[in-house]
Amino acid sequence: MKHAPTLSVLLLMIAFPLLGGAKAASPATSTTPTTAPDATATLPTKAQAKSMVTYRSVVMQDLGKNMKLANLVAGGQIARPQDLPGYATVLASAPLAELFPAGTGPDVVDTGAKPELWTNQIGFSNAIKKYNDATAAVTAAAQTGDLPATKLALTQVGDACSGCHDSFRVEDNK
Ligand code: HEC
């Protein structure tokens, strides 16, 4: 019986860092370093970083295809105006802010993203905002069925794509 509390404390010391709860819940382990495991736990492994680069490449290629399709229809070359809202939705729902988490930069994996993307977070957020504003305008125009207005709004999206690429994408990547 005398040893039971000691054993519990030992188990807590082992269990809490594993659960990521050491900081708040274990006064008995105050000398145990708790920040380092937590900090590394939030970074992706190299394999996860590679998967993210693959994923965002495919998302980007998808955006490129949807831009082409939308421009063909909005430009009147293809008479399928009913498809425009769908293309607009794809463009407007690109999860740009989630595609570039910490630990997926050129210091870790082979990527066409510049290191500035992670050091200039404000600039990157502004580029995303510009893109989101432009794609929202495309969505609105596509819903009215006004092809010239949609075509014009798509031009703004194209500017937002290349604006971000100019700042945050390595030239001649692929
Ligand atoms: C907010 C920034 C940003 C916006 C907006 C953006 N891109 Fe990108 N794009 C990037 C970055 C960064 C890369 C490099 C990603 C990598 O290699 O990890 C990239 C890569 C690409 C690629 C190469 C994909 C590959 O690896 O084969 C294409 C194609 C592309 N983007 C098209 C587009 C199109 C089309 C749009 C607009 C409809 C767009 N992008 C909007 C940042 C952006």
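The values are calculated or read from the model by the stated rules, or taken from the named source; none is laboratory data. Keep in mind the model is a prediction, meaning the values are calculated, not measured. Cβ sites come from the backbone with ideal geometry, for glycine too, and all protein chains shown count toward neighbours.
Among residues that are modelled with pLDDT of 95 or more and more than 12 Å from the ligand (Cβ to nearest atom), residue 79 is included. Quick check, is residue 86 more than 19 Å from residue 54 (Cα to Cα) and assigned to a helix (DSSP H, G or I)? Yes. Evaluate the stretch 47-60: report whether one residue or more is loosely packed, with under 15 Cβ neighbours inside 10 Å, of a type outside the set (Lys, Arg) and at pLDDT below 95. Within the stretch 47-60 (the criterion being loosely packed, with under 15 Cβ neighbours inside 10 Å, of a type outside the set (Lys, Arg) and at pLDDT below 95), the answer is no, since none of the residues qualifies.
Can you report the number of residues in the stretch 87-114 which are touching a residue at least 12 places away in the same chain (Cβ under 8 Å), among the small types (Gly, Ala, Ser) and surrounded by fewer than 17 Cβ atoms within 10 Å (Cβ to Cβ)? Number of matching residues: 2.
In this structure, is residue 108 of a type in the set (Val, Ile, Thr), part of a loop (DSSP other than H, G, I, E, B) and touching a helix residue (DSSP H, G or I) at 6+ places or on another chain (Cβ under 6 Å)? For residue 108, the condition - of a type in the set (Val, Ile, Thr), part of a loop (DSSP other than H, G, I, E, B) and touching a helix residue (DSSP H, G or I) at 6+ places or on another chain (Cβ under 6 Å) - is met.
Scanning the stretch 65-85 for residues that are surrounded by fewer than 14 Cβ atoms within 10 Å (Cβ to Cβ) and of a type in the set (Gly, Ala, Ser) yields 75, 76, 79.
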